[in-house]
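Asks: So that we are looking at the same thing, I have put the structure below in structure tokens.
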Amino acid sequence: SWDKLFDNYNEVRFIERKILSPFLKKCRWFGGKAKIISKIGIHKVIPLKIDGDAHFLTIIEVHYVQRLPELYFLPLTFVLADHILERVEY
């Protein structure tokens with residue numbers, strides 16, 4: 001379940017290796033686009049429940065080949081595709 005996602009070592013490693021790198025490279029605010037990433041790790045996860053929904057405040061640590069690592073704050077939540085338009089704020 002989404003609530004237990006960060007309790008599972010294999011799931012966390014999958015997110016770090018397969019999801020975060022492509023995601024970060026597409027974000028305007030990510031400062032490491034031109035740098036070679038050696039590793040991305042989820043440094044800290046703070047679970048947050050609001051109205052029964054699970055949200056996570058995460059600190060992502062990005063390690064580079066020849067640079068010092070950087071930390072990024074990334075809030076995460078899960079929304080079913082059927083309900084995505086209900087959650088969008090214009």
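Asks: Pull out all pairs, ordered by first then second residue, where Cβ-Cβ is under 7 Å, the residues are six or more apart or on different chains, the first lies in the stretch 55-76 and is among the aliphatic types (A, V, I, L, M), and the second is assigned to a loop (DSSP other than H, G, I, E, B) and open to solvent by less than 60 Å² (accessible area, probe 1.4 Å).
Replies: V62/G32
Asks: Here are some conditions: (1) touching a residue at least 12 places away in the same chain (Cβ under 8 Å); (2) under 21 Å from L80 (Cα atoms). F14 meets all but one. Which one does it not meet?
Replies: (1)
Asks: Do we have L71 as at pLDDT 95 or above and not β-branched (V, I, T) here?
Replies: Yes.
The values are calculated or read from the model by the stated rules, or taken from the named source; none is laboratory data. Small disclaimer: the values here were computed from a predicted structure and weren't measured. Glycine gets a Cβ as well: all are built from the backbone with ideal geometry, and neighbour counts include every protein chain shown. Ligands, DNA and RNA are excluded from the accessible area calculation, which covers all protein heavy atoms including side chains. Shrake-Rupley method; radii C 1.70, N 1.55, O 1.52, S 1.80 Å.
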